[in-house]
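Only the coordinates and a few stated rules stand behind these numbers; no lab work does. Everything numeric here is computed off the predicted structure, so don't read it as measured data. Every residue, glycine as well, gets a Cβ built from its backbone with ideal geometry; the counts of neighbours run over all protein chains shown.
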Amino acid sequence: MGTAQIARYPYNILDTMLAGSERQRYRLPADVRAMISVYLEHSDLPSFALADKLCNEISTPRLYRTVRLLYSGAVESCLKTLAAKPETLSFGRDLAALVQDFFLSEHWRSDREPGQVDLPDFQELLLGSLERMTNVRTVKCMEFFVGLGILDPLLATPHPALKSVDLRMLIYANHRGLISDDLKVRLAAGDVLLPQLTEFNLRVDGSPTYEVKSLLHDL
């Protein structure tokens, strides 16, 4: 009678009823969990990371290795996480430093009505995130609102692994400066460790200004 009654409970309920030391016996070793994570789809990694601290440690590097931002909801939440200081995040990890490949689609605002996105706030988050991505290898940003402004955080702090940059830029009459005055001074003084790029693509909507041509020539 007792056995039949217990059999009707799902395993996870039985597991929670076990004492802590008893539950420990049923946990998979770290190397087995790591092997399992290799076969998971990228979309399954967030759920795997929530299982416990060990699963989080195993899956987080792969989860953030490639960041592809396609829709506004994902863009806002992800950039807030990447721009945050490590001490404000769970487990105190520097998640931005895990990113190796970064892509922002030109269509990321297509699911929002005009005026629903705070572009200056978005730009601050994006540039703050890129500055912290010290191990990034490829950056592809098709958001023309930012354009060459992306170069500021990529040059202001060392990005030794950076090899490829692909940008889109809209030239308009009152566009902001491409890089900060402080970075201009540092570039002129040779006080900037420039990444050794193997590929640089710039798609310009409009006629390049003198400032754009001058900056690209200096780089």
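One table, with the values for the structure above:
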{"item": "Simple spin-label estimate for V32 and D52 in nanometres, 7 Å along Cα-Cβ", "result": "1.1 nm"}
{"item": "Extension gain (nm, one decimal) between E113 and L194, 0.36 nm per residue minus Cα-Cα", "result": "25.3 nm"}
{"item": "Exposure proxy order (Cβ contacts within 10 Å, fewest to most) of H42, H159", "result": "H42, H159"}
{"item": "Those GluC sites (Glu not before Pro) in region 31-79 that DSSP places in a loop and that have at most 13 other beta carbons within 10 Å", "result": "E41"}
{"item": "Neighbour-count ranking [beta-carbon atoms within 10 angstrom, fewest first] of M35, M142, M169, M133", "result": "M35, M142, M169, M133"}
{"item": "Mean-position separation - Cα centroids, region 103-167 and region 42-69, in angstrom", "result": "22 Å"}
